[in-house]
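What follows is a short report on a single structure.
The values are calculated or read from the model by the stated rules, or taken from the named source; none is laboratory data. Just so you know, these numbers come straight off a predicted model, no measurement behind them. For neighbour counting, all protein chains shown are included, and Cβ atoms are generated from backbone atoms with ideal geometry for every residue, glycine included. The accessibility values were calculated without ligands, DNA or RNA, using every heavy atom of the protein model including side chains. Shrake-Rupley method; radii C 1.70, N 1.55, O 1.52, S 1.80 Å.
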Amino acid sequence: MSVPFIAFLGPSGTYAETACRQLAQAQGLQDHTPRSGLSIQHVLHQLRADHGGDGTVAAAVVPVENSVQGGVTATLDTLWSLSAPCCPPDSPNPYGPQGLEIVRGLVLPIRHALLGSARMEDISEVISHPQALGQCSTWLNKYLAQALQLPTTSTAEAARMAKGSRFRGAIASLDAAKEQDLNVLAYPINDEPNNCTRFLLVRPVAAMLCSSAPSAPSDHGVITSLCFALRQRDRPGALVEALQVFHGQSLNMSRIESRPAKTDLGKYVFFIDVEGHYQTEAFQRALQNLYPICEQLLNFGSYPVMTVPPEKI
(Lines give C-alpha, C1' and ligand atoms only; values in the text may rest on other atoms or scores of the structure.)
Protein backbone atom coordinates (compact mmCIF):
# COMPACT_ATOMS: atom_id res chain seq x y z
CA MET A 1 0.00 0.00 0.00
CA SER A 2 1.29 3.45 -0.89
CA VAL A 3 2.29 5.78 1.94
CA PRO A 4 0.61 9.22 1.93
CA PHE A 5 2.73 12.36 1.82
CA ILE A 6 2.88 15.61 3.79
CA ALA A 7 3.89 18.45 1.49
CA PHE A 8 6.01 21.38 2.67
CA LEU A 9 7.86 24.29 1.09
CA GLY A 10 11.22 22.83 0.09
CA PRO A 11 13.84 21.84 -0.64
CA SER A 12 15.14 20.02 2.41
CA GLY A 13 16.48 22.32 5.13
CA THR A 14 13.67 24.90 5.25
CA TYR A 15 11.97 26.06 8.42
CA ALA A 16 8.83 24.55 6.90
CA GLU A 17 10.45 21.12 7.01
CA THR A 18 11.23 21.60 10.70
CA ALA A 19 7.61 22.61 11.30
CA CYS A 20 6.45 19.64 9.23
CA ARG A 21 8.28 17.17 11.47
CA GLN A 22 6.91 18.78 14.63
CA LEU A 23 3.32 18.96 13.37
CA ALA A 24 3.33 15.42 12.00
CA GLN A 25 4.44 14.07 15.36
CA ALA A 26 1.85 16.12 17.27
CA GLN A 27 -0.95 15.05 14.92
CA GLY A 28 0.04 11.36 14.89
CA LEU A 29 1.05 11.36 11.23
CA GLN A 30 4.47 9.76 11.64
CA ASP A 31 3.57 7.22 8.94
CA HIS A 32 3.28 10.04 6.37
CA THR A 33 6.33 10.81 4.25
CA PRO A 34 7.45 14.48 4.00
CA ARG A 35 7.63 15.73 0.39
CA SER A 36 8.98 19.13 -0.63
CA GLY A 37 7.14 21.48 -2.98
CA LEU A 38 8.40 24.29 -5.18
CA SER A 39 6.23 27.03 -3.69
CA ILE A 40 3.45 27.59 -1.18
CA GLN A 41 0.95 27.63 -4.05
CA HIS A 42 2.34 24.35 -5.38
CA VAL A 43 2.14 22.71 -1.95
CA LEU A 44 -1.51 23.65 -1.41
CA HIS A 45 -2.56 22.91 -5.00
CA GLN A 46 -1.08 19.41 -4.65
CA LEU A 47 -3.18 18.86 -1.56
CA ARG A 48 -6.37 20.13 -3.17
CA ALA A 49 -5.84 18.08 -6.34
CA ASP A 50 -4.97 14.82 -4.60
CA HIS A 51 -7.86 14.86 -2.09
CA GLY A 52 -5.72 13.07 0.48
CA GLY A 53 -5.90 9.55 -0.98
CA ASP A 54 -3.33 6.83 -0.33
CA GLY A 55 -0.06 7.48 -2.12
CA THR A 56 -0.95 11.14 -2.63
CA VAL A 57 -0.45 14.37 -0.72
CA ALA A 58 -2.72 13.90 2.31
CA ALA A 59 -1.61 16.97 4.29
CA ALA A 60 0.41 20.14 3.84
CA VAL A 61 2.41 22.46 6.09
CA VAL A 62 2.55 26.15 5.16
CA PRO A 63 3.60 29.37 6.93
CA VAL A 64 0.80 31.85 7.58
CA GLU A 65 2.19 34.62 9.77
CA ASN A 66 5.54 36.00 10.94
CA SER A 67 5.98 38.18 14.02
CA VAL A 68 8.11 40.68 12.05
CA GLN A 69 6.80 40.62 8.46
CA GLY A 70 3.15 39.85 9.19
CA GLY A 71 0.88 37.62 7.11
CA VAL A 72 2.27 35.33 4.41
CA THR A 73 0.15 36.54 1.52
CA ALA A 74 0.78 33.52 -0.72
CA THR A 75 -0.76 31.24 1.92
CA LEU A 76 -3.74 33.51 2.57
CA ASP A 77 -4.54 34.03 -1.11
CA THR A 78 -4.20 30.34 -1.97
CA LEU A 79 -6.36 29.17 0.94
CA TRP A 80 -9.02 31.66 -0.16
CA SER A 81 -8.91 30.48 -3.78
CA LEU A 82 -8.96 26.74 -3.02
CA SER A 83 -11.60 26.59 -0.26
CA ALA A 84 -15.34 26.61 -0.78
CA PRO A 85 -17.92 28.69 1.13
CA CYS A 86 -18.86 27.08 4.43
CA CYS A 87 -21.90 24.89 4.96
CA PRO A 88 -25.25 26.76 4.85
CA PRO A 89 -27.43 27.26 7.95
CA ASP A 90 -29.72 24.30 7.16
CA SER A 91 -26.91 21.72 6.86
CA PRO A 92 -26.22 19.11 9.60
CA ASN A 93 -22.97 20.91 10.36
CA PRO A 94 -23.85 24.58 9.74
CA TYR A 95 -21.06 27.01 8.84
CA GLY A 96 -18.49 24.19 8.76
CA PRO A 97 -15.32 24.17 6.63
CA GLN A 98 -15.32 22.98 3.03
CA GLY A 99 -12.44 21.97 0.76
CA LEU A 100 -9.38 22.48 2.95
CA GLU A 101 -9.24 22.57 6.74
CA ILE A 102 -6.57 23.66 9.22
CA VAL A 103 -6.18 20.96 11.87
CA ARG A 104 -3.22 22.25 13.91
CA GLY A 105 -0.96 25.29 14.22
CA LEU A 106 2.62 25.62 15.39
CA VAL A 107 4.64 28.70 16.41
CA LEU A 108 8.28 28.11 15.51
CA PRO A 109 11.16 30.36 16.68
CA ILE A 110 13.17 31.57 13.69
CA ARG A 111 16.95 31.94 13.96
CA HIS A 112 18.49 33.03 10.67
CA ALA A 113 22.14 32.53 9.70
CA LEU A 114 24.26 33.97 6.93
CA LEU A 115 25.66 31.00 5.02
CA GLY A 116 28.19 30.77 2.22
CA SER A 117 31.28 29.24 0.68
CA ALA A 118 32.98 32.64 0.42
CA ARG A 119 34.33 34.98 3.05
CA MET A 120 31.81 37.49 4.40
CA GLU A 121 33.84 40.46 3.09
CA ASP A 122 33.66 39.03 -0.46
CA ILE A 123 29.86 38.73 -0.56
CA SER A 124 28.20 40.99 -3.14
CA GLU A 125 24.81 39.21 -3.29
CA VAL A 126 22.59 38.03 -0.44
CA ILE A 127 19.79 35.70 -1.47
CA SER A 128 16.85 34.28 0.45
CA HIS A 129 13.08 34.12 0.66
CA PRO A 130 11.62 37.69 0.73
CA GLN A 131 10.32 37.14 4.27
CA ALA A 132 13.79 36.21 5.52
CA LEU A 133 15.39 39.19 3.78
CA GLY A 134 12.87 41.47 5.48
CA GLN A 135 13.47 39.87 8.87
CA CYS A 136 17.21 40.60 8.59
CA SER A 137 17.05 44.00 6.85
CA THR A 138 18.64 46.04 9.69
CA TRP A 139 21.52 43.56 10.05
CA LEU A 140 22.09 43.52 6.30
CA ASN A 141 22.11 47.32 6.07
CA LYS A 142 24.69 47.44 8.85
CA TYR A 143 27.07 44.68 7.79
CA LEU A 144 26.43 44.12 4.05
CA ALA A 145 25.04 47.45 2.91
CA GLN A 146 26.66 47.21 -0.56
CA ALA A 147 25.38 43.71 -1.31
CA LEU A 148 22.41 43.15 -3.61
CA GLN A 149 19.43 41.47 -1.94
CA LEU A 150 17.77 38.97 -4.29
CA PRO A 151 14.65 36.86 -3.57
CA THR A 152 14.40 33.08 -3.90
CA THR A 153 11.49 30.67 -3.48
CA SER A 154 12.71 29.43 -0.09
CA THR A 155 15.57 29.79 2.39
CA ALA A 156 16.79 26.26 1.62
CA GLU A 157 16.81 27.01 -2.11
CA ALA A 158 18.95 30.07 -1.34
CA ALA A 159 21.42 27.84 0.52
CA ARG A 160 21.58 25.48 -2.45
CA MET A 161 22.24 28.38 -4.84
CA ALA A 162 25.00 29.79 -2.61
CA LYS A 163 26.97 26.54 -2.49
CA GLY A 164 30.34 26.94 -4.19
CA SER A 165 29.84 30.64 -4.97
CA ARG A 166 32.67 33.07 -4.32
CA PHE A 167 30.42 36.12 -4.07
CA ARG A 168 27.00 34.91 -2.87
CA GLY A 169 25.65 34.49 0.65
CA ALA A 170 22.35 32.96 1.72
CA ILE A 171 20.06 33.62 4.66
CA ALA A 172 18.84 30.26 5.90
CA SER A 173 18.78 27.91 8.86
CA LEU A 174 21.58 25.96 10.50
CA ASP A 175 19.92 22.82 9.12
CA ALA A 176 20.35 24.21 5.61
CA ALA A 177 24.04 24.85 6.34
CA LYS A 178 24.48 21.16 7.20
CA GLU A 179 22.40 20.05 4.22
CA GLN A 180 24.53 22.02 1.74
CA ASP A 181 27.86 21.84 3.61
CA LEU A 182 28.07 25.65 3.89
CA ASN A 183 30.02 27.79 6.33
CA VAL A 184 28.07 29.71 8.97
CA LEU A 185 29.39 33.25 8.45
CA ALA A 186 27.16 34.93 11.07
CA TYR A 187 24.48 33.70 13.48
CA PRO A 188 21.90 34.73 14.50
CA ILE A 189 21.26 37.68 12.17
CA ASN A 190 17.49 38.26 12.50
CA ASP A 191 16.73 41.79 13.68
CA GLU A 192 14.26 40.72 16.37
CA PRO A 193 15.46 38.08 18.86
CA ASN A 194 11.90 36.85 19.40
CA ASN A 195 11.28 36.34 15.67
CA CYS A 196 8.82 33.48 15.13
CA THR A 197 6.57 32.11 12.40
CA ARG A 198 3.21 30.39 12.72
CA PHE A 199 2.78 27.33 10.51
CA LEU A 200 -0.44 25.49 9.69
CA LEU A 201 -1.12 21.81 9.10
CA VAL A 202 -3.83 21.64 6.43
CA ARG A 203 -5.83 18.60 5.29
CA PRO A 204 -8.82 18.03 3.00
CA VAL A 205 -12.16 18.14 4.75
CA ALA A 206 -13.53 14.61 5.18
CA ALA A 207 -16.76 14.20 3.24
CA MET A 208 -18.46 12.66 6.28
CA LEU A 209 -18.08 15.86 8.31
CA CYS A 210 -20.78 17.68 6.35
CA SER A 211 -23.22 14.79 6.57
CA SER A 212 -22.98 14.19 10.29
CA ALA A 213 -24.20 16.22 13.20
CA PRO A 214 -21.61 18.37 14.98
CA SER A 215 -20.12 17.19 18.23
CA ALA A 216 -19.75 19.33 21.34
CA PRO A 217 -16.02 20.11 21.35
CA SER A 218 -14.10 21.98 23.99
CA ASP A 219 -13.05 25.47 22.91
CA HIS A 220 -10.19 25.71 25.42
CA GLY A 221 -6.98 26.77 23.67
CA VAL A 222 -8.57 26.54 20.22
CA ILE A 223 -8.52 29.12 17.39
CA THR A 224 -10.99 29.30 14.51
CA SER A 225 -9.77 30.89 11.26
CA LEU A 226 -12.37 32.54 9.04
CA CYS A 227 -12.37 34.57 5.85
CA PHE A 228 -15.24 36.66 4.51
CA ALA A 229 -16.18 39.16 1.83
CA LEU A 230 -18.93 41.63 2.71
CA ARG A 231 -22.14 41.75 0.71
CA GLN A 232 -22.50 45.56 1.03
CA ARG A 233 -18.91 46.63 1.39
CA ASP A 234 -19.53 50.31 0.51
CA ARG A 235 -22.06 50.86 3.28
CA PRO A 236 -20.65 52.88 6.24
CA GLY A 237 -20.02 50.63 9.21
CA ALA A 238 -20.31 47.37 7.27
CA LEU A 239 -17.05 45.94 8.61
CA VAL A 240 -17.85 47.09 12.15
CA GLU A 241 -21.20 45.30 11.93
CA ALA A 242 -19.44 42.09 10.87
CA LEU A 243 -16.95 42.24 13.74
CA GLN A 244 -19.59 43.10 16.35
CA VAL A 245 -21.19 39.67 15.95
CA PHE A 246 -18.21 38.23 17.84
CA HIS A 247 -18.22 40.97 20.46
CA GLY A 248 -21.90 40.27 21.05
CA GLN A 249 -21.07 36.67 21.96
CA SER A 250 -18.01 37.60 24.06
CA LEU A 251 -15.68 35.94 21.56
CA ASN A 252 -12.17 37.37 21.37
CA MET A 253 -10.78 38.12 17.90
CA SER A 254 -6.99 37.68 18.02
CA ARG A 255 -6.09 38.66 14.44
CA ILE A 256 -7.48 40.49 11.40
CA GLU A 257 -5.92 41.05 8.00
CA SER A 258 -7.31 42.21 4.66
CA ARG A 259 -6.32 41.08 1.18
CA PRO A 260 -7.52 42.20 -2.27
CA ALA A 261 -10.26 39.93 -3.59
CA LYS A 262 -8.59 40.18 -7.04
CA THR A 263 -11.95 40.58 -8.76
CA ASP A 264 -12.60 44.35 -8.52
CA LEU A 265 -10.49 47.31 -7.45
CA GLY A 266 -11.42 48.25 -3.88
CA LYS A 267 -12.93 44.86 -3.06
CA TYR A 268 -11.30 43.05 -0.13
CA VAL A 269 -11.57 39.83 1.81
CA PHE A 270 -10.89 39.73 5.56
CA PHE A 271 -9.01 37.00 7.35
CA ILE A 272 -9.69 36.74 11.07
CA ASP A 273 -8.75 34.43 13.93
CA VAL A 274 -11.25 34.05 16.76
CA GLU A 275 -10.64 32.21 20.02
CA GLY A 276 -12.96 29.23 20.46
CA HIS A 277 -14.40 26.33 18.45
CA TYR A 278 -16.91 27.12 15.71
CA GLN A 279 -19.27 24.34 16.88
CA THR A 280 -19.83 25.82 20.34
CA GLU A 281 -23.18 27.49 20.96
CA ALA A 282 -21.85 31.06 21.23
CA PHE A 283 -19.78 30.71 18.06
CA GLN A 284 -22.73 29.28 16.14
CA ARG A 285 -24.85 32.28 17.13
CA ALA A 286 -22.09 34.64 15.94
CA LEU A 287 -21.84 32.85 12.59
CA GLN A 288 -25.60 32.85 12.26
CA ASN A 289 -25.53 36.67 12.44
CA LEU A 290 -22.45 36.97 10.21
CA TYR A 291 -23.63 34.69 7.40
CA PRO A 292 -26.40 36.95 5.93
CA ILE A 293 -24.16 40.02 5.61
CA CYS A 294 -21.37 38.19 3.77
CA GLU A 295 -21.08 37.62 0.05
CA GLN A 296 -18.78 34.72 0.90
CA LEU A 297 -17.93 33.18 4.25
CA LEU A 298 -15.15 30.60 4.53
CA ASN A 299 -14.34 28.59 7.62
CA PHE A 300 -10.84 27.12 7.63
CA GLY A 301 -11.50 25.13 10.78
CA SER A 302 -10.91 25.15 14.53
CA TYR A 303 -7.55 23.92 15.79
CA PRO A 304 -5.06 24.03 18.66
CA VAL A 305 -1.79 25.98 18.35
CA MET A 306 1.40 24.68 19.95
CA THR A 307 4.57 26.70 20.59
CA VAL A 308 8.09 25.31 20.23
CA PRO A 309 10.48 26.62 22.92
CA PRO A 310 13.64 28.26 21.48
CA GLU A 311 15.87 25.70 23.21
CA LYS A 312 14.18 22.92 21.19
CA ILE A 313 15.36 24.37 17.86
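Would you be able to say whether some residue in segment 11-29 is among the polar types (S, T, N, Q) and over 21 Å from CYS196 (Cβ atoms)? Before the answer, list the steps.
In the first step, residues of segment 11-29 are kept if they are among the polar types (S, T, N, Q); the result is 12, 14, 18, 22, 25, 27.
Those left that are additionally over 21 Å from CYS196 (Cβ atoms): 12.
Looking through segment 11-29, at least one residue is among the polar types (S, T, N, Q) and over 21 Å from CYS196 (Cβ atoms).
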Handout entry: Residues within segment 66-83 that are more than 22 Å from GLN98 (Cα to Cα) and among the hydrophobic types (A, V, I, L, M, F, W, C), tallied
Key = 1
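Give the residue that is surrounded by the fewest Cβ atoms within 10 Å (Cβ to Cβ), with candidates limited to residues of segment 119-148 that are assigned to a helix (DSSP H, G or I) and out of contact with any strand residue (DSSP E or B) (no Cβ under 9 Å at 6 or more places or on another chain).
Taking segment 119-148 first, the residues assigned to a helix (DSSP H, G or I) are 120-122, 130-135, 137-143.
Still in the list and also out of contact with any strand residue (DSSP E or B) (no Cβ under 9 Å at 6 or more places or on another chain): 121, 138, 141-142.
Numbers: GLU121: 8, THR138: 12, ASN141: 12, LYS142: 10.
The qualifying residue surrounded by the fewest Cβ atoms within 10 Å (Cβ to Cβ) is GLU121.
What number of residues in segment 123-138 are within 25 Å of the chain's Cα centre (by Cα) and at pLDDT 95 or above? Spell out how you get there, then give the answer.
Quick first cut of segment 123-138, residues within 25 Å of the chain's Cα centre (by Cα) only: 126-138.
In the following step, the residues that additionally are at pLDDT 95 or above were identified as 126-128, 133, 136-138.
Counting residues in segment 123-138 that are within 25 Å of the chain's Cα centre (by Cα) and at pLDDT 95 or above gives 7.
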Completion exercise
Sole miss for THR153 among (1) out of contact with any Ser or Thr (no Cβ under 6 Å at 6 or more places or on another chain); (2) part of a loop (DSSP other than H, G, I, E, B) is condition (1)
Exercise for the section: Could you tell me which numbered condition PRO217 fails, if it satisfies all but one of (1) at pLDDT 85 or above; (2) open to solvent by less than 40 Å² (accessible area, probe 1.4 Å)? Expected result: (1)
Exercise for the section: Scan segment 25-38 and report the pairs whose first residue is closer than 25 Å to THR307 by Cβ and outside the structural domain of THR153 (by the TED database) and whose second residue is surrounded by 13 or more Cβ atoms within 10 Å (Cβ to Cβ) and among the hydroxyl-bearing types (Ser, Thr, Tyr), with Cβ atoms within less than 7 Å and a gap of 6+ or a chain change. Expected result: SER36/SER12
Problem - Output for segment 14-58, where each listed residue is at pLDDT 85 or above, open to solvent by less than 40 Å² (accessible area, probe 1.4 Å) and either among the aromatic types (Phe, Trp, Tyr) or part of a loop (DSSP other than H, G, I, E, B) (or both) - result: THR14, TYR15, LEU29, HIS32, SER39
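Consider VAL62 carefully, then state whether it is surrounded by fewer than 23 Cβ atoms within 10 Å (Cβ to Cβ) and within 15 Å of the chain's Cα centre (by Cα).
Details: surrounded by fewer than 23 Cβ atoms within 10 Å (Cβ to Cβ): no; within 15 Å of the chain's Cα centre (by Cα): yes.
Here the answer is no, as VAL62 does not meet what is asked.
Considering only residues of segment 2-13 that are on the phi < 0 side of the Ramachandran plot and assigned to a loop (DSSP other than H, G, I, E, B), which is surrounded by the most Cβ atoms within 10 Å (Cβ to Cβ)? Step through it out loud before you land on a result.
Initially, segment 2-13 is screened for residues on the phi < 0 side of the Ramachandran plot, giving 2-12.
With the extra rule that they be assigned to a loop (DSSP other than H, G, I, E, B), the set shrinks to 2-4, 10-12.
Values: SER2: 9, VAL3: 10, PRO4: 19, GLY10: 22, PRO11: 20, SER12: 15.
Per the stated criteria, the residue is GLY10.
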Practice task
Quick one: which residue in GLN279, GLN284, GLN232 is open to solvent by 70 Å² or more (accessible area, probe 1.4 Å) and over 21 Å from ALA74 (Cβ atoms)?
Solution key: GLN232
Exercise for the section: Would you mind finding the one in VAL245, VAL274, VAL305 that is open to solvent by less than 10 Å² (accessible area, probe 1.4 Å) and aliphatic (A, V, I, L, M)? Expected result: VAL274
